[in-house]
Structures are given as structure tokens and as C-alpha cells.
Amino acid sequence: MQENRTYFLLFHTIHDVLKAEKALKRHGFNFELVPVPRNLSSDCGSCIKLKDRIEDVTPYIEDIELDRCFVFDGKEYKEVKLKADS
Amino acid sequence: MIYLDNAATSFPKPKETVEYANNFILNIGGNPGRSGHTLSTEAARIIFETRERLTTFINGKDSKRLLFTQNGTESLNLAILGLFKEKDHVITTSMEHNSVMRPLTFLEKEKGVEVSIARCSKQGRLDIKEIKRLIKKNTKAVIINHGSNVIGNVQPVEEIKDTVRDIILIVDACQTIGAYPIDIERDNIDILCFSCHKSLYSIQGLGAIYIRDGIKLKPLKFGGTGSKSEFTEQPDFLPDKYESGTPNTPGIASLLGGLTFIEKTGLEHIIKKKMALREVIIKGLSVINGITVYGNPDGKENVPVISFNMKGKLPSEVGYELNKKGIYVRVGLHCSPLAHKTIGTFPEGTVRVAPGYFTGEEEVVKFLEVLREIARK
């Protein structure tokens, strides 16, 4: 089921989005930068849309302050709490 | 044309400065982090990359704590106006620029902030004992001009922090950044303020400030940040807290070019070359009759900023004669009345000569030749 899941990682500032982008790129993860979906936040910036498993990614972005993370199963978005976020 | 006013702003700039600024203006052009489209994100990437590179350059720990401003003056205003509350005490020195003295004088009048000025020697040297003597219970910070914009002497910042310990150390590094090694960890600097258009080779209109973890300043500006747009309150996270409004992205791109040039050329090589030019000027000035060079011209702790006067002539007259021959120097008080009182050149000021990396030795020789002619008149 993992293959159908997409994660949306939201950060407070574009600086952190780009820091995460740099880390994910370096480790070859499958992701892209997309505008923040309006139903998740009224922010006008970008967020990371991740196609890989979130558990594999979190060790590389531990030092970046995450705002919120959502999982999308093709129908609805559900907020998930990450260990790195606790 | 011989440009010897690099202490005001470096000229010419390296080709990388122009290339990076051009590339941004011609091919990117978006407003960084505001819209989520490709050009906006690309602009934000340039700022991110520059922030990271500049943080590494000063050996900072966290690039989020490096904020871009309009110039060194804005960085110092943010530090000074953002830090002090009523009845706080601050120590500064008699070698400061007006970008420190004017906000402090404003706070003294408006908020009753107590300002003590540590007297420096005629050579501009700060006596650490003097700082120690001035410390009081309510001393919140010490502000030091790292390298004098008048006579080029460099103050021993790491020794100062050893003396003041928990008191916040604010360093004005406008003349030293890129011209003298700076390591905020080794030098124990709490707040570093500087401009980027001098020895970091950005275009004009760019400065920066690094604020050590644990220090909170009141922002100087409030407004749009592209983040938390649903709230009318200023965000509390970095770097957005201190960076409202559209930034000078072409300037930041040009700084990335400047940093690339410094990395390619080597900071040590740049410093060596500029200091060698300084040597030639100092030696040349010492053999012209009637010239007085200020500061400690033979000392090692200097940046290539030289002040002198010619007997029987006002600095403005010397500057006028040089300008007629296409030689550009700065004359007067260099926005630092206290420094001139300290070295004994108030109110006339001095003639200031500042060679840069792109200054040729033959240009310096020509300058000395013209100066000899002026002295004979």
C-alpha cells in the first residue's frame, strides 16, 4: 500500500523547505517541490511532496524544524506525527 | 582613472559578481519564496545557497541566524535598536562610525540608555583595561569597530570577549570582512554586523548580520515574509522574523558571485595582495616631505585603509588635486567624528586611501608620484 501513499511535508519558512530539498536530493529520494495545497494551509509558499517512505527520510531531516506532515492516500489528507517532530 | 576608495565600496567588482547578478536579472527574476512557482523557488534557492556559503565563510553554526539587510548600517541598527531597553548600559569605543554612534545617541535621548565610550590611543588602539573599568551591573553589550574605517587598525576582539564574558559582544566588521580573517566561533563574537559590497564584492545595497543562538532582537521591520500569511503578527522563526519585504535578490546573487571569486582566488592571497599594496603606499608616503600618516602604519594588525594629511593643505584640497588627475580617494571625516577626535584630526579630517584587490602596483606608484607633485606646489 505504501506505493500509493504520498507525503506532504510543510515547513515554517522557505529556508527550511530548501534545506530539506538539499538533504533529500543528496540522498537520492523521490520527491518534488509543490505549492502548499490550499486545504492544508493558507500559506502561499512551497512544500515537499514525497513519494518515498517517510520513515526512510526522517533521519536526514531531523535537524530541520517541521511545521506539519500529511499523508495522502489518493482520497484524503491525514496529518501524521513524526518522531522527529515530537 | 585610479580608484583608491575601496573602503567605501570595492570597485571594480570581480566578473563573477556581474555574471551572477546578470543571470538573476536576465533568467530568474522571481520574488523569492512568495509564490511557489519555478522562478520564485529558483530565486529562493539563490538566497538559500548564499546564506549557507556566507555562514560557512564566517564559521557560523546555523545559516538561519545569518540575515540579509540593506547595508552594514542597517545591520548595526537592528542590533542596537533591537537589543537595548530602558536603563540598559552599553560600552563602545572612541573609534566608532556614526552607524553605531547615531543609533546609540538616539537611544540615549529617547530611552535613557546609558552609553560609555572607552577611549582609544592616538593610534586607535583600544585598551582592554579601559573596557573592564567601564563595566557595570547593567552593562548589556559592548560594541567594537573591528577594523577602523579611518586608519585601518584592527582591534583584538577575542581578548575583549575574554574580558567581558557574559556581556554581549557586537562587532562592526564592515572593514574587516573579506579583508581580515573572521571566525565568529574562535573570536567569540555574539553579533556580527557587516556590509557585503566592500571586500565581499557584492553590488551596493546589501549587508548582513549573524546573531548567535540565544540572543533575541526586536525586528527593525515588520511585513510580508511569504510565510504564515494567514496571521497579521510577525512570525517568530528565523530567518523570516528579521527579513520582511522583497529582498535585494540581485544583490544577494551578486554576493554569491563575490564569494565564488573569493573561494577561487583564495582569501589569504587576496589579503596578501592588498596588504602588499598597503606597504608600497605607506613606504611611499613616508618619504614625501610634510606628510603625516595616522594610526600604527608599521603594525601588523591592519586592514588596507590608510589616512594621512599634507602639511599646509586641507584634506579637501589634496582630494581636489588628486581628483583633477583622475585619482579617487576619500577626504574628510569618513562619518566617524569620534575617531578623528581620537587621532587628533577633527574637524578637518584626513585623506583616506584604500587599495583593493584589482588595484595595480603601477597605479599606486602613479598616485604617489602625483602626490609628490602636489606636495611641491
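The values are calculated or read from the model by the stated rules, or taken from the named source; none is laboratory data. It should be emphasised that the depicted structure is a prediction, and the values quoted were computed from it without experimental measurement. So basically every Cβ, Gly included, is an ideal-geometry build from the backbone, and we count neighbours across all protein chains shown.
Can you tell me which residue within segment B:29-61, out of those that are touching a Lys or Arg at 6+ places or on another chain (Cβ under 9 Å) and hydrophobic (A, V, I, L, M, F, W, C), is farthest from the other protein chains (Cβ to nearest Cβ)?
B:A43
Testing B:L238 on (1) surrounded by 18 or more Cβ atoms within 10 Å (Cβ to Cβ); (2) away from every other protein chain (no Cβ under 14 Å), one condition comes back false. Which one is that?
It fails just one condition, (2).
Of A:K78, A:K19, A:K49, which residue is without any contact (Cβ under 8 Å) to a residue 60 or more places away in the chain and surrounded by fewer than 17 Cβ atoms within 10 Å (Cβ to Cβ)?
Step by step, each of A:K78, A:K19, A:K49 is checked, and only A:K78 is without any contact (Cβ under 8 Å) to a residue 60 or more places away in the chain and surrounded by fewer than 17 Cβ atoms within 10 Å (Cβ to Cβ).
Quick one: B:G178 ticks every box in (1) more than 14 Å from chain A (Cβ to nearest Cβ); (2) on the phi < 0 side of the Ramachandran plot except a single one, so which number is it?
Status for B:G178: all satisfied but (2).
Is there any pair linking a residue in segment B:30-46 that is buried (at least 19 other Cβ atoms within 10 Å of the Cβ) to one that is hydroxyl-bearing (S, T, Y), with Cβ under 6 Å and at least six apart or on different chains, and which?
B:P32/B:T249; B:R34/B:S40; B:G36/A:S46; B:T41/A:S46; B:A43/B:T249
Do any strands (runs of 3 or more DSSP E) lying entirely in chain A carry at least 2 residues that are of a type in the set (A, V, I, L, M), within 11 Å of chain B (Cβ to nearest Cβ) and within 25 Å of B:P235 (Cα to Cα), and which ones are they?
A:31-35
Among the candidates B:L66, B:L4, single out the residue that is crowded, with 21+ Cβ neighbours inside 10 Å and within 14 Å of chain A (Cβ to nearest Cβ).
B:L66 is the lone residue from the list that is crowded, with 21+ Cβ neighbours inside 10 Å and within 14 Å of chain A (Cβ to nearest Cβ).
Would it be correct to say that B:S254 is at pLDDT below 95 and closer than 23 Å to B:R45 by Cβ?
So B:S254 fails the test.
Suppose we filter segment B:336-374 for residues that are assigned to a helix (DSSP H, G or I) and at pLDDT below 95; how many remain?
Total meeting the criteria: 7.
In segment B:78-119, what residues are touching a strand residue (DSSP E or B) at 6+ places or on another chain (Cβ under 6 Å), surrounded by fewer than 18 Cβ atoms within 10 Å (Cβ to Cβ) and among the small types (G, A, S)?
B:S116
What number of residues within segment B:18-35 are within 16 Å of B:F48 (Cα to Cα) and not in a loop (DSSP other than H, G, I, E, B)?
Qualifying residue count for the region: 4.
Yes/no matrix, rows are residues, columns are (1) among the hydrophobic types (A, V, I, L, M, F, W, C); (2) in contact (Cβ under 8 Å) with a residue 60 or more places away in the chain:
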residue: B:V329; (1), (2): yes, yes
residue: B:G332; (1), (2): no, no
residue: B:K341; (1), (2): no, yes
residue: B:P347; (1), (2): no, no
residue: B:G356; (1), (2): no, yes
residue: B:A375; (1), (2): yes, yes
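Could you please find all residues in segment B:315-332 being outside any helix (DSSP H, G or I) and either surrounded by 21 or more Cβ atoms within 10 Å (Cβ to Cβ) or touching a strand residue (DSSP E or B) at 6+ places or on another chain (Cβ under 7 Å) (or both)?
B:G326, B:I327, B:Y328, B:V329, B:R330, B:V331
When only residues in segment B:197-216 that are surrounded by fewer than 18 Cβ atoms within 10 Å (Cβ to Cβ) and under 27 Å from A:L66 (Cβ atoms) count, which is farthest from the other protein chains (Cβ to nearest Cβ)?
Among residues in segment B:197-216 that are surrounded by fewer than 18 Cβ atoms within 10 Å (Cβ to Cβ) and under 27 Å from A:L66 (Cβ atoms), the one farthest from the other protein chains (Cβ to nearest Cβ) is B:I215.
Taking B:R186 as meeting all but one of (1) more than 14 Å from every other protein chain (Cβ to nearest Cβ); (2) at pLDDT 95 or above; (3) assigned to a loop (DSSP other than H, G, I, E, B), write down the number of the exception.
Evaluating B:R186 over (1) more than 14 Å from every other protein chain (Cβ to nearest Cβ); (2) at pLDDT 95 or above; (3) assigned to a loop (DSSP other than H, G, I, E, B) leaves (2) as the failure.
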